Amino acid sequence: MTRARMPRPHEVAAARRDPRLLRAVSERSLDDAWRTRGACRSVDPETFFPAPSEPVEAAVALCRTCDVQGSCLAWALEVGDCHGVWGATTPRERRAMLVAWRGQVRPDPEAADDELPPIHDRMLTLVPLA
Ligand code: SF4
């Protein structure tokens with residue numbers, strides 16, 4: 001695995017203005033109900049975990065139609081980072097968003113992470129940022 005570089009300041013500044021991040025901040029959910037409403041529930045999970053050489057457009061396009069896009073991205077950012085497409089973002093896009101997110105949203109001390117979401121139907125792999 002190659003080590004991801006830290007996002008540059010201008011990338012973080014752009015992430016702070018990204019409408020997807022702003023939606024995630026406003027739709028951050030303290031319960032897990034959003035997980036049952038994902039547009040990806042009936043789609044092959046592999047669509048959301050393309051190989052590095054494969055296109056992500058199909059997954060991102062489906063996310064853009066999803067009613068819980070903001071909550072989904074908020075969840076991915078709270079996890080820290082993970083493979084795959086979540087909330088219409090790629091892992092690379094989320095690296096800069098994660099820095100912005102940590103400056104904008106305090107973690108919920110009551111949040112439990114012992115249940116994985118039904119969406120994607122697949123184990124997550126956490127990716128260290130540094
Ligand atoms: S990955 Fe998230 S935003 Fe995309 S379709 Fe599934 S639940 Fe919706």
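Odds and ends about this structure:
- Ranking 32, 18 by solvent-accessible area of protein heavy atoms (1.4 Å probe, all protein chains present), from largest to smallest, gives 32, 18.
- For the peptides 59-69, 6-16, the ranking by mean Cβ contacts within 10 Å, running from highest to lowest, is 59-69, 6-16.
- The label point for residue 64 and the one for residue 30, both projected 7 Å from the Cα toward the Cβ, are 3.4 nm apart.
- For residue 102 and residue 8, the difference between the fully extended length at 0.36 nm per residue and the C-alpha to C-alpha distance is 32.3 nm.
- The stretch 9-106, accessible surface, carbon-and-sulfur percent (1.4 angstrom probe): 52
- Å² per residue, accessible surface of the stretch 9-106 at 1.4 Å: 52
- Heavy-atom SASA rank of 29, 53, 71 (probe 1.4 Å, accessible area, largest first): 53, 29, 71
- Subtracting the Cα-Cα distance of residue 53 and residue 79 from their residue separation scaled by 0.36 nm leaves 6.9 nm.
The values are calculated or read from the model by the stated rules, or taken from the named source; none is laboratory data. Quick caveat: nothing in here was measured; it's all calculated off a predicted structure. Please note: Cβ atoms are built from the backbone with ideal geometry, for glycine as well, and neighbour counts cover all protein chains shown. Please note that ligands, DNA and RNA were not included when accessible areas were found on the heavy atoms of the full protein model with its side chains. Shrake-Rupley method; radii C 1.70, N 1.55, O 1.52, S 1.80 Å.
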